[in-house]
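The values are calculated or read from the model by the stated rules, or taken from the named source; none is laboratory data. No experiment lies behind these values; they were computed from the predicted model shown. Backbone-built Cβ (ideal geometry, glycine too); neighbour counts: all protein chains shown.
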Amino acid sequence: MYDTSKMNRVKGVKKHGSEGSISLYYQGLMVSTLPLTKKKTFDYYRKIGEDSIIRHFKEGYNLKKQIAISRTFCEVFTYRRASGQKVAKNDHIMMCQALFVLLKTKVIDNDDPNFGYLVMPNCRHKRKRSK
């Protein structure tokens, strides 16, 4: 569906924090990676999406409109990433927010291999001491 040949040349695709990273997938592509730290945990990113739903209800957007906006943003973001266009740092956070809105409303399922997120904690190997 997308020509991903330009996607590998995009700078800043992989970001790792002190606690690992969370990768976001949409339409079979890894579109964003966000760092996990002691302050920005998985729950922090998930709460961004949940708070978005509540905030938009207060602003007068019904659930159907919120889903349509989130889906459109995810599609545009994925197109931009696949075509090699620049994406602002805030857009990665907004992609996370839109993806978690779609997950919370069960429009997409995290068990689907083409959509969702993958949490990757840092792997620290223990060194064996030689005697």
Subset tally (residues that are crowded, with 17+ Cβ neighbours inside 10 Å and either over 12 Å from the mean Cα position of the chain (by Cα) or hydrophobic (A, V, I, L, M, F, W, C) (or both)) for the stretch 88-98: 4
Search result, residues across the stretch 56-81 that are closer than 12 Å to Q97 by Cα and charged (D, E, K, R): R71
Total residues in the stretch 42-95, condition closer than 24 Å to P121 by Cα, in contact with a strand residue (DSSP E or B) (Cβ under 6 Å, 6 or more places away or on another chain) and hydrophobic (A, V, I, L, M, F, W, C): 2
Single condition S83 does not satisfy, out of (1) in contact with a helix residue (DSSP H, G or I) (Cβ under 6 Å, 6 or more places away or on another chain); (2) in contact (Cβ under 8 Å) with a residue 40 or more places away in the chain: (1)
Any hit, the stretch 52-69, residues being outside any helix (DSSP H, G or I), surrounded by fewer than 14 Cβ atoms within 10 Å (Cβ to Cβ), more than 13 Å from the chain's Cα centre (by Cα) and in contact (Cβ under 8 Å) with a residue 12 or more places away in the chain: no
Some residue of the stretch 99-120 being of a type in the set (K, R), in a loop (DSSP other than H, G, I, E, B) and either modelled with pLDDT under 90 or surrounded by 12 or more Cβ atoms within 10 Å (Cβ to Cβ) (or both): no
